[in-house]
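A.B. asks: Below you will find the structure I want to go over with you.
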Amino acid sequence: VLRDGTLLGRRAVRTPRTAREIVAACAEGLSASLASAAESSRFEQPTALGISAPGPLDPYRGVLLDPPNLDRSLWNYPLAQRIGDQLGVSAVMAVDTHVAALAEGSFGAAVGVPDFVYMTVSTGVGGGVVSGGRLMLGADGLAGELGHLTIDINGPVCGCGARGHLEAFSSGMGISKAAREAGLGEMEAREVAAAEDAGNRLAAEIMGRARAAFAAAAVSVVDVFNPSRFIVGGGIAFAQGDRLLEPARRAVRDFGYHRQAERVQIMLAQLGDDVGLIGALALVHLAPLGDDGYL
Ligand SMILES: [Zn+2]
């Protein structure tokens with residue numbers, strides 16, 4: 001990716017299982033994309049490597065912590081350094097939701113907006129908060145876990161073990177689980193959404209609850225962070241569009257603090273599949289700016 005966001009080379013491979021295989025696959029894939037990019041007249045040698053990875057991870061040290069969906073060989077693994085060493089460049093790493101927030105801030109729906117919240121509603125629900133132009137990281141680099149906002153203290157159990165979190169209602173995992181428990185069988189979220197459109201009453205209830213939970217979360221997000229924009233991406237958000245956003249806009253208008261509610265625009269994210277690549281550029285740009293040791 002060039003400085004201005006132009007994508008020169010791209011390569012996708014299936015994610016292997018172990019840490020060693022992943023580092024090898026990354027090195028091979030990156031070398032191949034460099035080779036194809038080198039054919040462009042605008043090619044320059046890479047100066048840094050930005051990595052978007054599943055969390056939880058420690059962005060200050062470039063170490064994966066205990067990502068539940070990855071092999072144990074990746075737990076406490078210094079992925080940034082290992083891949084950087086392979087390519088001979090310095091590497092920075094951040095969790096995919098933070099990278100997506102940076103991408104929207106640099107090239108997407110929040111260009112020139114210093115105060116915004118990004119949320120992805122997808123298999124899981126995650127987020128990133130940018131305040132005064134800085135990504136909020138927190139003491140451990142783990143801030144912005146918006147999927148674990150409590151919507152209902154008596155609600156369904158979330159993947160994290162707590163009750164009634166947004167992710168338990170509105171994520172793909174949560175919607176699938178609700179469908180299973182309602183006796184609809186094994187369905188992906190998009191199949192539940194299709195069943196709603198086909199007139200299935202149970203599916204409509206589940207999707208309605210997912211949208212209502214999102215709307216309740218939007219009120220909290222707007223009240224708590226006072227963003228100029230609340231930007232929502234992820235497969236479920238893109239598929240539902242205004243069906244998801246409009247009830248949230250209404251709830252913020254009706255129940256949010258009036259000044260925050262008047263300020264905020266609730267809108268879809270603009271970057272699609274390449275959000276991690278574009279965001280990695282923003283991450284690399286941002287890294288040297290921190291004078292407080294950020295990355
Ligand atoms: Zn949770």
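The values are calculated or read from the model by the stated rules, or taken from the named source; none is laboratory data. From a predicted model like this one, the values you see are computed outputs, not experimental measurements. Cβ placement follows ideal geometry from the backbone for every residue including glycine, while neighbour counts extend to all protein chains displayed. The area values use the complete protein model at the heavy-atom level, side chains included, leaving out ligands, DNA and RNA. Shrake-Rupley method; radii C 1.70, N 1.55, O 1.52, S 1.80 Å.
A.B. asks: Give me the accessible area per residue for the chain, probe 1.4 Å, as a whole number in Å². Could the numbers behind the result be given before it?
C.D. replies: Values: 14890 Å² over 295 residues.
The answer is 50 Å² per residue.
A.B. asks: Considering only protein heavy atoms and a 1.4 Å probe, what is the carbon-and-sulfur percentage of the accessible area of the chain? Walk me through the numbers on the way to the answer.
C.D. replies: Working: 7390 of 14890 Å².
About 50 percent, which is the carbon plus sulfur part of the accessible surface.
A.B. asks: Which order do Phe238, Phe43 take when ranked by solvent-accessible area (1.4 Å probe, heavy atoms of all protein chains), largest first?
C.D. replies: Working: Phe238 90, Phe43 55 Å².
Correct descending sequence by accessible area is Phe238, Phe43.
A.B. asks: At 7 Å along the Cα-to-beta-carbon direction for both Arg3 and Ala194, put a label point, then send me their distance in nm to one decimal.
C.D. replies: Distance between label points: 4.7 nm.
A.B. asks: How big is the dipole moment of the stretch 111-240 about its Cα centre under a simple scheme where the beta carbon of each Lys and Arg is +1, that of each Asp and Glu is -1, and everything else is neutral? Debye, nearest 20, please. Write out the running numbers ahead of the final one.
C.D. replies: Working: 9 positive and 13 negative charges, 24 e Å.
Once rounded to the nearest 20, the dipole reads 120 debye.
A.B. asks: Name the residues whose placed amide hydrogens come within less than 5 Å of the amide hydrogen of Ile266, ignoring near sequence neighbours (fewer than 5 apart) on the same chain.
C.D. replies: Hits under the 5 Å cutoff: Phe230.
A.B. asks: Past the 22 angstrom mark, what percentage of all C-alpha to C-alpha distances in the stretch 1-108 do you count? All intermediate terms of the calculation are to be shown ahead of the outcome.
C.D. replies: Values: 1902 of 5778 pairs.
The answer is 33 percent, as a whole percent.
A.B. asks: In whole angstrom, and with the biggest value first, how far do the Cα coordinates of the chain range along each principal axis?
C.D. replies: 55, 44, 37 Å, listed from the longest principal axis down.
A.B. asks: Ratio to report: Rg/Rh of the stretch 156-246, with Cα atoms as the point set and Rh obtained by the Kirkwood method; give two decimals.
C.D. replies: On the way: Rg = 13.3 Å, Rh = 13.6 Å.
Expressed as Rg/Rh, it is 0.98.
A.B. asks: What do you get for the angle between helix 242-255 and the principal long axis of the chain? Use alpha-carbon atoms, 0 to 90 degrees, nearest ten.
C.D. replies: Long axis of 242-255 versus the principal axis of the chain: about 70 degrees.
A.B. asks: What is the sum of charges, Lys and Arg at +1 and Asp and Glu at -1, for the other residues whose Cβ falls under 14 Å from the Cβ of Ile278? Please report the intermediate quantities before stating the final value.
C.D. replies: Numbers: positive: Arg3, Arg10; negative: Asp4, Asp96, Glu104, Asp273, Asp274.
Local charge sum for Ile278: -3.
A.B. asks: Please compute the Kirkwood hydrodynamic radius of the stretch 91-139 from all pairs of different C-alpha atoms, in Å with one decimal.
C.D. replies: Values: mean 1/r = 0.0909 Å⁻¹.
So the Kirkwood estimate lands at 11.0 Å.
A.B. asks: Hey, another quick one. Which is farthest toward the positive dipole end of the chain among Ala198, Val224, Ala182, measuring Cα position about the Cα centre, with Cβ charges +1 (Lys, Arg) and -1 (Asp, Glu)?
C.D. replies: It is Ala198, whose Cα lies furthest towards the positive end.
A.B. asks: Here's something else I'd like to know. In debye, nearest 20, what is the charge dipole magnitude of the stretch 165-295 about its Cα centre with +1 on Lys and Arg Cβ and -1 on Asp and Glu Cβ, if you could check?
C.D. replies: Working: 13 positive and 17 negative charges, 92 e Å.
It works out to roughly 440 debye.
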